[in-house]
Amino acid sequence: MSPKAHPLFSWVRACGASLVCTLLAGPPLHAQLQIERPRIAAISSDHGPVQPLQPVTLTVHLNVRNQAAFDKAVEDLYTPGSPTYHQWMADSDIARYAPSATDVETLRRDLESRGLSVLSVSSDRLSLRVRGSASNVESAFQTQIHEFEREGKVFHANLVPARLAGPAGSLVHGVTGLTSFNMKPFIQYQIDPRTGKPLTAARFRASNIASTTSGFNQIATNNCFSGPTSVTLTTKGASLPVGVYFGNLYDTSLDQSGMVCSWTPAQIQAHYGLTAGYAQGLDGAGQTVVIVDGPTDGAQLTKDLAQFSSLTGLPAPNSNSFTVLYPDGPPSALALQTDNWQGEASLDTEWVHAIAPKAKIVVEILPSGAWGELEYGIDYARQNKLGNVISNSYGLPEALFAPDTVQGFEQVLEKAAAAGIAVNFSTGDSGDAGTGSPSGGGEAYPATSTYVTAVGGTSIGIPNGTAQGAEVGWGNNASILSTATNLVLDPGKDLGSFGGSGGGESSFFAKPFWERSLPGAGRQEPDIAALADPYTGVVVVQSGVQFAGVGGTSLACPIFSAIWAIADQRAGRSLGQAAPILARLPASAINDIVPVESFTNVTGVMFDPNGPTFYSSNDLLRPLYTTTQYFSAFWDIGGEYLDLSFGTDTSLTVTPGWDNVTGWGVPNGLNFIKAAAIQR
């Protein structure tokens, strides 16, 4: 999709550059009484007011007492040399910044007087879980709530900015739940560029593998490239046009072998240099990784993890090593039909287990993918001390939020950082989300939060003359050269970008102190990266079916979360949020990702009645924005030839050092674990 056609681009253009500049120039978020209308409502279909009796669940966040002091105290926790460096706050420490019990009671009584039920008060006195009818919520917050629809998904949102009426409104920091739009899970399957749909034929072959003793060997190979080779494309029944092409070959998916380009746990463990750590007992033992997911069948998830472990030789999970929780109740049958996260949850769970095989895993399944539910899951994990690492593989572009709509979520994330909990988020799978700019609103929230570590994506095994191949920033472009009906396209059909690591500069949050050396004024993402490209993806068991060619930054985040849990194990204590530490690790700890190019990228000459026309690699893969170094290869899908690139990520660019595709790079195995642990 071209940038001009993308709704996010249209929204940014309509709002004007002045808005972005104003947001960047402003201070970090502070308490405000007014809760803005989310921007997603402006680009969604308005179906009118919700039913007055429709139940609405809210989390009302209270103002921290002396927000500036709390912010400084949290920053000091992550500042080397500070007297409180890594002296994590206990509940009692956070409570010192909480409102008084009198203030909480004032707010509780006010909400109840407006017909709302207070379900619970958080242990730190900083939030109230509230439920009431839509009409009572509208009256209390002086707004109107409408039903909206976007991309087939229905949600509710406040039509105008909301404000709690009366004196109690001065106690409110933010409200989550006035809008219910769902976060997007960032799992990706190999996509057929012709249709934009997952390659179901590749999945079908996987599902027909009955043996559980051969692992994934019958469907997956990490020997994904060959060539270069020449290809002559002709049109049946016509002498012209004729395309004569030359370049690398991508051997995958629907070729005669039936093998899909995918990597197994043992191969990824070796790729990231983790086997040496396992030999020293650094395998996650004694650590817990919490995974937050939307509607999922927990019983099936448990079966899938057991099957995945059996197929790959990983330790079998049991009730002591794997737990499924429902913090806000289990999802309904309808939610499992309309908002199913089964594939996401399988990927998250299986690949934390693959990387930290002795770590305990706790999966929190929420009844919907609404961002308020997922926020609740993170705070539930902190309040109940479920684990020191929380992995989250979802988000949405900042352009769909408004600065004040995320205040409640920000408070939850800051409290987790204060408690020494590493909250990690995927940065997304659509590069700049079609905005055409690294700061156009396509950067993903919550990954842009100052209080999380943002995990971007890479491709692996890209030919570079070495046995193991190169790791490059994830970004795929494609063009169709011929169809399966023996029709040569003259010229080829440029498809542009159809997947890539998210990243860019936040328009909500100023740069934190540990990003001072980076460009721009806003928080930059990502901080770190790992494998995400589904075209060099991994194997997964989902709903009892073996899949290959699975990825997305939904893969990168659990990989990194598991590695960070091992770093905690080595340190003997929680290292807290990873991002501030990553920026100061030695070069030996993180492998910098740099561009890789090929002198045999696909090029060709098209002969037609007008004569020959030469097409360079750049011509075939437009638009490439600022990318000049990349790898491309022929891809034969059932007799249809495409040109597929690796390392071409919209307007985001891989450079030496930190970049907005891969952050500082990828963890370098045992070196990374030891170097991070020293920062204890």
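The values are calculated or read from the model by the stated rules, or taken from the named source; none is laboratory data. Just so you know, these numbers come straight off a predicted model, no measurement behind them. FYI the Cβ positions are ideal-geometry reconstructions off the backbone, even for glycines, and counts take in every protein chain you see. Note: areas computed on protein heavy atoms with side chains; ligands, DNA, RNA excluded. Shrake-Rupley method; radii C 1.70, N 1.55, O 1.52, S 1.80 Å.
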Inset, instruction - Kindly report, to the nearest 10 Å², the accessible surface of TRP88 as traced by a 1.4 Å probe over protein heavy atoms only. - result: 50 Å²
Legend entry - Cross-link pairs LYS385/LYS415; LYS184/LYS511; LYS184/LYS415; LYS303/LYS360; LYS385/LYS674; LYS184/LYS385 - those with Cα-Cα distance over 19 Å: LYS184/LYS511; LYS184/LYS415; LYS385/LYS674; LYS184/LYS385
Inset, instruction - State the percentage of accessible surface on the stretch 63-116 attributable to carbon and sulfur atoms; use a 1.4 Å probe and exclude ligands, DNA and RNA. - result: 51 percent
Legend entry - Debye, to nearest 20: dipole size of the chain, +1 on Lys, Arg Cβ, -1 on Asp, Glu Cβ: 840 debye
Inset, instruction - Report in % the part of the accessible area of the stretch 156-199 that belongs to carbon and sulfur, leaving out ligands and nucleic acids; probe 1.4 Å. - result: 60 percent
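By per-residue mean of other Cβ atoms within 10 Å, what is the highest-first order of 431-437, 594-600, 350-356?
Averaged packing, sorted descending, gives the order 350-356, 431-437, 594-600.
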Legend entry - Average Cα contact separation per residue, the stretch 399-534, under 8 Å, 6 or more apart, as relative contact order %: 28 percent
Legend entry - Burial ranking of peptide ranges 37-45, 660-668 (average Cβ count within 10 Å, highest at the top): 660-668, 37-45
Legend entry - For the stretch 520-532, Karplus couplings with θ = phi - 60° (6.51, -1.76, 1.60), whole Hz, Gly/Pro x: x, 9, x, 3, 9, 10, x, 9, 8, 8, 7, 3, 9
Inset, instruction - Skip the ligands, DNA and RNA, and give the accessible area per residue of the chain with a 1.4 Å probe, whole Å². - result: 35 Å²
Inset, instruction - Please report, as a whole percent, how much of the solvent-accessible surface of the stretch 309-416 comes from carbon and sulfur atoms (probe radius 1.4 Å). - result: 51 percent
Legend entry - Distant-in-sequence amide H partners of ARG523 (H built 1.01 Å from N, under 5 Å): SER506, PHE509, ALA510, LYS511
Legend entry - Built amide H within the under 5 Å cut-off of PHE631, gap 5+: PHE646
Legend entry - Relative contact order, percent, the chain [alpha-carbon distance under 8 Å, six or more residues apart]: 18 percent
Inset, instruction - Pull up the cross-link candidates among the aspartates and glutamates for LYS358, meaning alpha carbon to alpha carbon under 14 Å and not fewer than 8 places away within one chain. - result: ASP283, GLU350, ASP568
Inset, instruction - Using a 1.4 angstrom probe on the protein heavy atoms only, line up HIS271, HIS47, HIS173 by accessible area, largest first. - result: HIS47, HIS271, HIS173
Legend entry - Amide H partners (placed H, <5 Å) of THR653, local residues excluded: ASN660, VAL661
Inset, instruction - Output ³J(HN,Hα) for the stretch 435-445: one whole-Hz value per residue in order, computed from phi by the Karplus curve 6.51 cos²θ - 1.76 cosθ + 1.60 with θ = phi - 60°, and x for Gly and Pro. - result: 7, x, 8, x, 10, x, x, x, 5, 8, 9
Inset, instruction - Let me know the shape class of the chain, please: from the alpha-carbon gyration tensor, a ≥ b ≥ c as square roots of the eigenvalues, rounded when a/c is under 1.5, otherwise prolate if a/b is greater than b/c, or oblate. - result: prolate
